[in-house]
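What follows is a set of notes on a single structure, which appears directly below.
The values are calculated or read from the model by the stated rules, or taken from the named source; none is laboratory data. Only a predicted model underlies this, so the values are computations on that prediction, with no experimental measurement involved. Glycine gets a Cβ as well: all are built from the backbone with ideal geometry, and neighbour counts include every protein chain shown.
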Amino acid sequence: MILVVDFGSQYTRLIARRIRECRVYSEIISCFASYEDIKARKPAGLILSGGPSSVYHRKILWDRRFLALGVPILGICYGMQLVAYLLGGRVRKATRHEYGRKRLNVRRTSPLFRGLARPTYVWMSHGDEVTRLPPGSQVIAATDTSGIAGFQTGQTYCLQFHPEVSHTRDGMKIFRNFLFGICKVRGDWTMEHFIREKVADIRALVRTRRVACALSGGVDSAVTAVLIAKAVGRQMYAFFIDNGLLRKGEVALVRSLFRNSLHLKVVDARRRFLRSLAGVEDPETKRKAIGREFIRVFEAEARKIPGIAILAQGTLYPDVIESGQGQGPGGVIKSHHNVGGLPKKMGLELLEPLRGLFKDEVRGLARRLGLPDAITSRKPFPGPGLAVRIVGAVTEERLRILREADFIVQEEARRDPTYASIWQIFAVLLPVRSVGVMGDARTYQSVCVVRAVTSEDGMTADWARLPAGLLEQIASRITNEVKGINRVVFDVTSKPPATIEWE
């Protein structure tokens with residue numbers, strides 16, 4: 001087993017997932033865990049995550065004894081700075097921050113870098129830097145702005161960049177070198193283990209009780225429902241809540257896919273959700289209002305079926321860490337309506353079987369469970385729906401405009417050969433109007449943004465280089481067919497610094 005020590009990084013679970021991709025079992029443990037706890041787990045190696053803090057914030061400093069456990073250690077970003085600090089090196093606020101793609105020059109032969117391209121390209125995201133090595137250490141890599149982008153001391157290896165993100169070209173080679181070449185572990189863990197373990201866990205939790213499952217039609221909630229049904233069969237009831245914030249045709253699609261295989265109930269709550277969003281413009285307030293209404297609707301529906309004692313949700317780990325609910329001292333990026341537990345008065349136990357997985361893992365799980373391509377290939381859609389793709393106030397008219405525009409984006413994108421390589425593509429409606437001319441007449445209408453990104457897991461993303469012809473067709477159709485839009489623009493911002501969604 002490899003233990004990943006979480007210091008609050010957005011990417012901690014991504015590190016664990018990279019290890020699982022190598023078919024090696026991994027667990028995440030908090031940086032506040034005791035020395036005795038970590039030692040008792042007998043890990044074959046430790047990986048120290050990045051984090052938002054500085055090594056001079058002593059409340060999260062690590063016990064130096066961990067460095068003497070006698071197992072290989074890989075420190076990443078903050079993990080590297082922490083090792084340097086604890087071993088007598090110097091860390092300071094960087095004079096030139098490094099964010100994004102950087103060229104890495106390997107300075108010294110190291111088993112960690114076996115088989116890497118020379119030079120290679122890595123992903124940086126840090127504000128502090130190591131300016132003096134601990135005694136007995138050696139620099140193994142550098143960039144044009146960082147003289148110490150990696151160092152080694154004994155069986156401890158430290159990297160300032162993030163090998164876990166897809167934008168680091170040889171990141172998986174680095175992990176394989178650490179796991180198999182340095183830690184000497186075996187690669188015998190698979191997703192089938194996950195299915196068997198989760199089915200057993202669900203049966204043990206549910207027993208003879210009934211489960212209410214929140215079904216949205218997306219891959220996350222669909223896999224959740226099918227996995228629970230695999231475990232407890234007809235004891236599960238799937239509720240699809242039409243909140244009025246859905247894509248065009250969503251209700252009909254969900255009915256057609258699940259009405260014959262699940263206990264499915266469609267709940268029309270459109271008016272309730274729109275009332276809760278009246279006059280709300282702040283993104284966080286929107287998300288929280290939707291979350292509260294979601295719980296209220298579920299509470300009311302669950303009471304109608306005797307024996308329901310558990311609420312199941314398709315929560316994923318990115319939802320958890322972006323909401324500040326991870327294992328380490330992470331901050332809130334944006335709250336998610338399905339994160340943070342349930343009101344005590346509901347009296348329902350929470351079941352989130354996918355809470356530890358990333359989106360691409362869930363897609364793989366969906367295929368193993370036999371879900372149709374209409375589900376497994378769907379692009380991610382936010383829980384709060386179109387409300388967080390309307391910047392500013394949400395109204396029925398603005399929802400109509402965005403729903404029609406997004407339908408055109410989806411329809412045209414699916415026809416293009418690049419569609420399979422796109423992680424997410426959608427329309428955003430801005431609270432901005434621009435002057436236009438249509439039929440020799442002046443118009444003053446809304447601006448629509450097309451957002452398309454490529455990603456492997458949703459934790460980092462790059463803007464998709466869509467063909468000019470596709471963009472032209474999308475813009476032409478939207479301005480001609482959607483009443484209320486006279487200008488279409490394309491978002492070319494990566495994550496970070498932006499998020500994928502606009503709110």
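Some observations on this one:
For every residue, the table says whether it meets (1) surrounded by fewer than 18 Cβ atoms within 10 Å (Cβ to Cβ); (2) touching a strand residue (DSSP E or B) at 6+ places or on another chain (Cβ under 7 Å).
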residue: 238; (1), (2): no, yes
residue: 245; (1), (2): no, no
residue: 260; (1), (2): yes, no
residue: 277; (1), (2): no, no
residue: 282; (1), (2): yes, no
residue: 292; (1), (2): yes, no
residue: 298; (1), (2): no, yes
residue: 308; (1), (2): no, yes
residue: 312; (1), (2): no, yes
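- For residue 406, the criteria (1) charged (D, E, K, R); (2) out of contact with any helix residue (DSSP H, G or I) (no Cβ under 7 Å at 6 or more places or on another chain); (3) surrounded by fewer than 22 Cβ atoms within 10 Å (Cβ to Cβ) hold in every case but one, which is (3).
- Residue check, residue 14 over 20 Å from residue 131 (Cα atoms), assigned to a strand (DSSP E or B), among the hydrophobic types (A, V, I, L, M, F, W, C) and under 29 Å from the mean Cα position of the chain (by Cα): no
- Subset of the range 38-52 [modelled with pLDDT under 90 and surrounded by fewer than 23 Cβ atoms within 10 Å (Cβ to Cβ)]: 52
- Counted residues, the range 243-267 - those being over 24 Å from the mean Cα position of the chain (by Cα) and under 20 Å from residue 402 (Cα atoms): 6
- Elements of the type strands (runs of 3 or more DSSP E) sitting completely within the range 384-503 and holding at least 2 residues that are under 22 Å from residue 10 (Cβ atoms), outside the structural domain of residue 50 (by TED's automatic domain parsing) and within 28 Å of the chain's Cα centre (by Cα): these cover 424-438, 441-454.
- Of the criteria (1) part of a loop (DSSP other than H, G, I, E, B); (2) assigned by TED's automatic domain parsing to the domain that holds residue 52; (3) without any contact (Cβ under 8 Å) to a residue 40 or more places away in the chain, which one residue 139 fails: (1)
- Among residues of the range 11-49, those that are under 17 Å from residue 358 (Cβ atoms) and of a type outside the set (S, T, N, Q), counted: 17
- Filtered residue count, the range 279-303, keeping only those that are among the basic types (Lys, Arg), out of contact with any Pro (no Cβ under 8 Å at 6 or more places or on another chain) and outside any loop (DSSP other than H, G, I, E, B): 3
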